[in-house]
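Structure, as C-alpha cells:
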Amino acid sequence: SDLDGTSSGKMNFEDGYTVSGAIGYTPAFTVSPTGKARFEAEFMRQDNDTDRASLGGVTAPAPGDITVNAFMANAYYDFALANSRWAPYVGGGIGIATVSLD
C-alpha cells in the first residue's frame, strides 16, 4: 500500500484471508412479465498481518495487522427475455467499511 501524508512511503503485508457472504430476497410484488427486482445484504471481512514499512527511504519491520469490515446493501433488476437462458440486469449498492490498523 502507498502511504501519503507529510512524507510518502509504502507498507507491505503478509498473506491473509478474506471472508464474505450475502443473503438476498426477491419480493413477490416485484416480479412482472418484464423482469423482477431483487435485494441483497452483504458482509466482508479481510485480515492481513503487516510485514514492513518504508518511509523517507528507511525500511523497518512493522509488526501488527490490518482488518477491514465492509457492509453493503445492493439492489438488482433482472430483465426478462422471452425464450432465453440469459437475463441481463442492472444493479447498484451502497455500503460502509471500517479499517483498523494495529
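The values are calculated or read from the model by the stated rules, or taken from the named source; none is laboratory data. Predicted, not measured: the structure shown is a model, and the values here were computed from it. Note that each Cβ is placed from the backbone with ideal geometry, even for glycine, and that neighbours are counted across all protein chains shown. Quick note on the areas: whole protein, heavy atoms, side chains included, nothing else; ligands and nucleic acids left out. Shrake-Rupley method; radii C 1.70, N 1.55, O 1.52, S 1.80 Å.
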Going residue by residue through the range 91-100, the Karplus relation 6.51 cos²θ - 1.76 cosθ + 1.60 with θ = phi - 60° gives ³J(HN,Hα) values, rounded to whole Hz and with x marking Gly or Pro, of x, x, x, 9, x, 9, 9, 10, 10, 10
The chain: most fluctuating residue of D47, D15, D65 per GNM, C-alpha cutoff 10 Å: D15
Please list, in order along the range 25-39, the HN-Hα scalar couplings obtained from phi with the Karplus expression 6.51 cos²θ - 1.76 cosθ + 1.60 (θ = phi - 60°), rounded to whole Hz, x for Gly and Pro. 8, 10, x, 4, 5, 8, 7, 9, x, 8, x, 8, 9, 9, 10
Under a GNM of the chain (C-alpha, springs under 10 Å), which listed residue has the highest mean-square fluctuation: V90, V68, V58? V58
Grab every C-alpha pair in the chain, bin the distances at 5 angstrom width from 0 up to the longest one, and report whole percents. 3, 10, 15, 14, 12, 10, 9, 8, 7, 6, 4, 2, 1
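Using the crude model of +1 on Lys and Arg Cβ and -1 on Asp and Glu Cβ, and no other charge, please compute the dipole size for the range 4-49 relative to its Cα centre, in debye to 20. Mind showing how you got there, number by number?
Values: 4 positive and 7 negative charges, 88 e Å.
Dipole size: approximately 420 debye.
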Work out the charge dipole of the chain with +1 on the Cβ of Lys and Arg and -1 on the Cβ of Asp and Glu about the Cα centre, then indicate which of M11, T50, N83 is farthest towards its positive end. N83
Using a 1.4 Å probe on heavy atoms of the protein chains only, the accessible area for E14 in Å², nearest 10, reads 90 Å²
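Quick check: net charge around Y25, other residues with Cβ under 10 Å of its Cβ, Lys/Arg +1 and Asp/Glu -1?
Details: positive: R38; negative: E40.
Residues near Y25 contribute 0 overall.
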From the phi of every residue in the range 46-55, what ³J(HN,Hα) in whole Hz does the Karplus formula 6.51 cos²θ - 1.76 cosθ + 1.60 yield, where θ is phi - 60° and glycine or proline is x? 10, 9, 9, 7, 7, 10, 8, 9, 10, 8
Would you grab the residues whose amide H sits under 5 Å from the one on A80? Only those 5+ places off in sequence or on another chain, please, with H modelled 1.01 Å from N. G35, K36
